[in-house]
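Undergrad: Here it is: the structure, laid out below.
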Amino acid sequence: MTAEVQHDDCVQSAGEGSRGRRSATPAATGVRGLALAAHRLDRSEKISEVIDATAALAHELLGAQSISVSRIEQDTCRTLSVYPPLVEDAESGGGAALARVTVRSEDRPALRTLIREHSSWVAHAPDGSGADWGDPVECATLRSSGCVTGLGSPIIVNGHVWGQILVTRGVGQPLFEVDDVATAEVVAALTAGALARVDLDEQVRHLVADDPLTGLGNRRVADHAAEIALMSDLEMCVVMCDVDGLKRVNDEFGHDAGDDLLRSVGDVLRRVQDLLAGTTAARLGGDEFCLVTIGIARDEVKRALARTLRKYSLAHGAAISWGVASTADGRPEHARTLFRRADAAQYQAKRRRARAVRAEASSASAAAVTVEKLIAAGVGAILNAQSGLVPRLCALAAAATGAMGGAAWSVLRDAEDGVVAAIARGGMPSGDGGQVRTLAVGQDPWVVEVETTAPEESSAPFADALLLLLDLAVRGES
């Protein structure tokens, strides 16, 4: 709906006296100017580009002193872009100061009408004449900002007011008339169409390119990034990652916990992506993830990944095995070759991890197990653990198991109904029932279970020491 512009004698005189100065308005007006505006908005690919283009185009088409484009949400109007760009100098002009304001509709009747009736508004405050026309609040705002005339038009997207184009003119410029309101509304309509298109493109891109669980890119994104990187002369790396322990977490804690684990893996890889400029992180499916880097040396990629994995450990004793392939070893014809090389390196890392766990368990079994060793390891783990009771208990259980020659551990909690629930597990069961057994101690409601190779007849001192360590970990919460 177009606002009806009415002038009393004084305002009409001010308008007539300034019409001769319309030559200041740029030539790209009328149908030609609107056509150029449509083409420019059609080239915008982001919402920010649409908003900035709208501000610049409206400034040109309306011969304005200042233009601001605002977003309206929950009856609050917030400025997104101003043209000409704001200058902090107090003498920069009233239009810029006016555009800085974020207002609520309850304080601005014209804005409230714009939102409710989807209609434009016009206000005039001719300098020194005292012959205001339009909403009194807008007239007072114009005068305090050093402006003479103002115009607001709604940006309507899918039947709802998305925002507002606010146009002002200063002393010596003509008052806004019906043709100006029509031009502003056409610009607002072109802007609305561009916003709807960009929003739809973004939704389609999200559906096609994003993994819904982790928010990372999907296989399509990874393949595209790899093909683009391969066409450059820069070193390119592919990192293949696999989650160790996902099946165990799903079996023991449920698939919700498994989904949380996958999301945490996505978060870790997103951190690596942020560290390495130009990197693409993606989930390929299941527990397989990847990173595609460009222009970054393989050793730097390895250091960044290893450093991040050490800093952000996964829950429930899960871990990430990974392998890297680089074009430094030869640039293949197809990116898929690099994915296969990285996958092979990742499986080698997984096998090395499994062998290391078994070797550590075997070595610990052969070593002499002493109470002093248990206490030293337990106290150190508690003091160095992350804040919180559960992290301290997990650290204690893992350290105690290692000190006592075992491999697997558990932290459990007694529920009020008498059911014991597993809070966390870690390590790998040794499978050697002849030499390894489980030692459990509890302090209501917590229970810590650890594996040990200590002889059963000497278990009492170890149980007493482990109970003291458990008490230390629990009291650390108080």
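The values are calculated or read from the model by the stated rules, or taken from the named source; none is laboratory data. Everything numeric here is computed off the predicted structure, so don't read it as measured data. With ideal geometry, Cβ positions are generated from the backbone for all residues, glycine too; neighbour counts draw on all protein chains shown.
Undergrad: Has the range 35-56 got at least one residue that is more than 29 Å from the chain's Cα centre (by Cα) and not in a helix (DSSP H, G or I)?
TA: The answer is no; no qualifying residue exists.
Undergrad: Before we move on, is A96 hydrophobic (A, V, I, L, M, F, W, C), surrounded by fewer than 16 Cβ atoms within 10 Å (Cβ to Cβ) and modelled with pLDDT under 90? Before the answer, list the steps.
TA: Working: hydrophobic (A, V, I, L, M, F, W, C): yes; surrounded by fewer than 16 Cβ atoms within 10 Å (Cβ to Cβ): no; modelled with pLDDT under 90: yes.
No: the conditions fail for A96.
Undergrad: Regarding R116, is this residue under 30 Å from E49 (Cβ atoms) and surrounded by fewer than 19 Cβ atoms within 10 Å (Cβ to Cβ)? Spell out the reasoning first.
TA: Details: under 30 Å from E49 (Cβ atoms): yes; surrounded by fewer than 19 Cβ atoms within 10 Å (Cβ to Cβ): yes.
Yes; evaluated as a whole, the condition is true for this residue.
Undergrad: Separate question: Out of D233, D259, I need the residue that is assigned to a helix (DSSP H, G or I) and out of contact with any strand residue (DSSP E or B) (no Cβ under 7 Å at 6 or more places or on another chain). Which one? Talk me through it step by step, then tell me what you get.
TA: Values: D233 fails: assigned to a helix (DSSP H, G or I).
Answer to the selection: D259.
Undergrad: I'd like the residue in the range 320-343 that is closer than 20 Å to L309 by Cβ and among the aliphatic types (A, V, I, L, M) and, out of all such residues, is surrounded by the fewest Cβ atoms within 10 Å (Cβ to Cβ).
TA: Step one: list which residues in the range 320-343 are closer than 20 Å to L309 by Cβ, which gives 320-326, 342-343.
Then keep just the ones that are among the aliphatic types (A, V, I, L, M); that gives 320, 324-325, 342.
On the way: I320: 23, V324: 21, A325: 23, A342: 23.
Once the filter is applied, the top-ranked residue is V324.
Undergrad: For the range 146-189, which residues satisfy the criterion of being over 15 Å from S66 (Cβ atoms) and of a type in the set (S, T, N, Q)?
TA: Scanning the range 146-189 gives N158, T183.
Undergrad: Within the range 170-184, does at least one residue satisfy the condition of being surrounded by 24 or more Cβ atoms within 10 Å (Cβ to Cβ), at pLDDT 90 or above, under 21 Å from V50 (Cβ atoms) and under 36 Å from the mean Cα position of the chain (by Cα)?
TA: Looking through the range 170-184, at least one residue is surrounded by 24 or more Cβ atoms within 10 Å (Cβ to Cβ), at pLDDT 90 or above, under 21 Å from V50 (Cβ atoms) and under 36 Å from the mean Cα position of the chain (by Cα).
Undergrad: Could you please tell me which pairs satisfy a Cβ distance under 6 Å, a separation of 6+ or placement on different chains, a first residue in the range 397-424 that is of a type in the set (K, R), and a second residue that is modelled with pLDDT of 85 or more and not in a strand (DSSP E or B)?
TA: Every condition considered, the pairs that remain are R413/P445.
Undergrad: Within the range 45-66, does at least one residue satisfy the condition of being among the small types (G, A, S) and at pLDDT below 80?
TA: So in the range 45-66, the residues among the small types (G, A, S) come out as 48, 53, 55-56, 58, 63-64, 66.
Add one more test, that the residue is at pLDDT below 80, and what stays is none.
The answer is no; no qualifying residue exists.
Undergrad: Then there's this: May I ask you to list the residues in the range 107-146 that are part of a helix (DSSP H, G or I) and out of contact with any helix residue (DSSP H, G or I) (no Cβ under 7 Å at 6 or more places or on another chain)?
TA: D107, T113, L114, R116, E117, P136, C139, A140, L142, R143, S144
Undergrad: Right, A277: part of a loop (DSSP other than H, G, I, E, B), more than 29 Å from G317 (Cβ to Cβ) and either of a type outside the set (A, V, I, L, M) or within 23 Å of the chain's Cα centre (by Cα) (or both) or not?
TA: Values: part of a loop (DSSP other than H, G, I, E, B): yes; more than 29 Å from G317 (Cβ to Cβ): yes; either of a type outside the set (A, V, I, L, M) or within 23 Å of the chain's Cα centre (by Cα) (or both): yes.
When the stated conditions are applied, A277 passes them.
Undergrad: Also: Give me the pairs, please: first residue somewhere in the range 45-67 and over 10 Å from P84 (Cα atoms), second residue anywhere and among the acidic types (D, E) and outside any loop (DSSP other than H, G, I, E, B), beta-carbon distance under 7 Å, and either six or more positions apart or on two chains.
TA: Short answer, once both residue conditions are applied: L62/D180.
Undergrad: In the range 286-319, how many residues are at positive phi and surrounded by 15 or more Cβ atoms within 10 Å (Cβ to Cβ)? Spell out how you get there, then give the answer.
TA: Keep residues of the range 286-319 that are at positive phi, which gives 286, 295, 316-317.
Filter again for surrounded by 15 or more Cβ atoms within 10 Å (Cβ to Cβ), leaving 295, 316-317.
Number satisfying all stated conditions: 3.
Undergrad: Identify the single condition in (1) over 30 Å from A35 (Cβ atoms); (2) assigned to a helix (DSSP H, G or I) that E185 does not satisfy, given that it satisfies every other one.
TA: Against the list (1) over 30 Å from A35 (Cβ atoms); (2) assigned to a helix (DSSP H, G or I), E185 comes up short only on (1).
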